[in-house]
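Contents: one structure, followed by commentary.
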């Protein structure tokens, strides 16, 4: 039964449940898999996997679970042939009832033919599989001249084991670091709408209501259209330990810039920690003080910080004044950060460092101020989910498993 | 339980892989929607046409847009028309049924024989859109609130849903679908596809075009890699322009048919001008 396989899939985080199991059972009952392992692979994949991100895990699980099944099948065939030979060699009286029955039902020749035909079939299938992967690289123009039928028979079909082993879908896993498009997809969830502006959309309900009140005399009611209402403030850590991540952060930045569903997007830069002010340009030009920033951006703005939060611990404790210069009676860096966290209703920190390294003291400290998420497709999705959730929650974000 | 339905094996204009056939047949046998994903231009939409062709049924298409609501697919109660008629018009405004306009899903349910319903680019709509369709696709029935009538599918339509992955689809929706991810065709399948679309194309030119095409696809810096439909279009252009000989260099004819983005064209010229071979 395939139930063991389902648990193998679950172990690899492919979400399958009773619904999938029942669907697969029905498909097998209907004979959709043609009683072959290849057929089972295709059918199971269509029914158990719902997202291309899970295709790779499915292939791996399939390999792990069904490796050896094919060899077992061959061994079984071998045994059958031996058995047939032995049965034939025996005299009539010595044969067991089953042997006698088998020989009588089909005749020894027919039986042998059946077996060998099956054998060859299997062998042919194996060869096709080998061709399927081996020839791709060195195909010459000659192949095109083959007759249509032959082409079909040896092309197209790859053995299930071969396909699974090739792991063609590795690129679609979603725990990989992200590209611009998947980032944009993740960011899209941040959108929200509000009605405002000119009254130029027909309010159907309102019109009906007003017309009815007007004793059937038509009265048209208009309302303002829906417009995006999300405002995002993006603060990015640049330079120093962030340099290796520059590529990744740039992609996030371009995805955010391209997103058309934000009412407003402001981007500012800082280095390691915010000291009284942030900068409009990557080269730390055009400073904006935190006070100005907070005055401009209301609490309903979504604050997104991007940084590795790695620095010398003292840097969190450096005191600075409102203009970013060191003063002994200034405010510590971490306090500036806390001011930001307190001002905004929703904030999230995206960290390009893998969560396994989040034990470092400065990361731990900043995690207690901002909910922190890894800068991957998954992490960004979680962060966006956190940013859009209703109600106000501060402090530590959802814990990330190490 | 044996074959109660005709198996789908593709058509002479639409070639399929065993995996795709298995997925389509699962959807047919289990009467579940088939969700098709894949790179743009790999024939997701054409699949529905092919299924309709193979089954010999009508195809209804529901093109989803960003403003589409689930209700639009079922029916729309044309209140404005009714209001208008009540004031200025003629005819009987008491009969609400005259003002119910059925959407593609409603039409598919009402059709006396089985149809193929294509819900194209479901990801264009709002995030909640697929969830709003769950019940209707499951039970294949819905109620018209205005007239309190129930529309029930007389023959369960074959539903094909395509997605370009712009939005994640909700889990509850995914669970009800048979899923297939259309791979980018390998060279052999591509050759057959090309032959189906351009049967009279010179074999040598086709080979050269495929060479160039796969080399282009392997250029890692491209933002939008050319896909099947672009290749087929490009070959059509080459054929009508009478091009005889092709190789990947800066003078590649009609490269605009393959690369649609300005940046990609820049990348293309840059990497070839520098004398570097594209990364294989």
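Name every residue in the stretch B:196-209 that is more than 8 Å from chain A (Cβ to nearest Cβ) and under 21 Å from residue B:12 (Cα atoms), in order of residue number. Correct list: B:196, B:197, B:198, B:199, B:200, B:201, B:202.
Of all residues in the stretch A:329-358, those that are in a loop (DSSP other than H, G, I, E, B) and without any contact (Cβ under 8 Å) to a residue 24 or more places away in the chain total 2. Here's a check for you: in the stretch B:146-171, which residue that is out of contact with any helix residue (DSSP H, G or I) (no Cβ under 6 Å at 6 or more places or on another chain) and within 14 Å of another protein chain (Cβ to nearest Cβ) is nearest to residue B:33 (Cα to Cα)? Top of the filtered list is B:171.
This table checks each residue for (1) in contact with a helix residue (DSSP H, G or I) (Cβ under 7 Å, 6 or more places away or on another chain); (2) modelled with pLDDT under 85.
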{"site": "A:345", "(1), (2)": "no, no"}
{"site": "A:356", "(1), (2)": "no, no"}
{"site": "A:391", "(1), (2)": "no, yes"}
{"site": "A:399", "(1), (2)": "no, yes"}
{"site": "A:402", "(1), (2)": "yes, yes"}
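Selection of the stretch A:8-38 for residues being in contact (Cβ under 8 Å) with a residue 40 or more places away in the chain and part of a helix (DSSP H, G or I) yields A:8, A:9, A:11, A:37, A:38.
Residues that are under 15 Å from residue B:32 (Cβ atoms), at the interface with chain B (Cβ under 10 Å from one of its Cβ atoms) and at pLDDT below 85 do not occur anywhere in the stretch A:33-54. Screening residue A:251 with (1) in contact with a helix residue (DSSP H, G or I) (Cβ under 7 Å, 6 or more places away or on another chain); (2) within 30 Å of residue A:57 (Cα to Cα); (3) at pLDDT below 70; (4) within 13 Å of chain B (Cβ to nearest Cβ) gives one miss only, at (3).
The values are calculated or read from the model by the stated rules, or taken from the named source; none is laboratory data. Just so we're clear, the structure is a prediction, and the values are computed from it rather than from any experiment. Every residue, glycine as well, gets a Cβ built from its backbone with ideal geometry; the counts of neighbours run over all protein chains shown.
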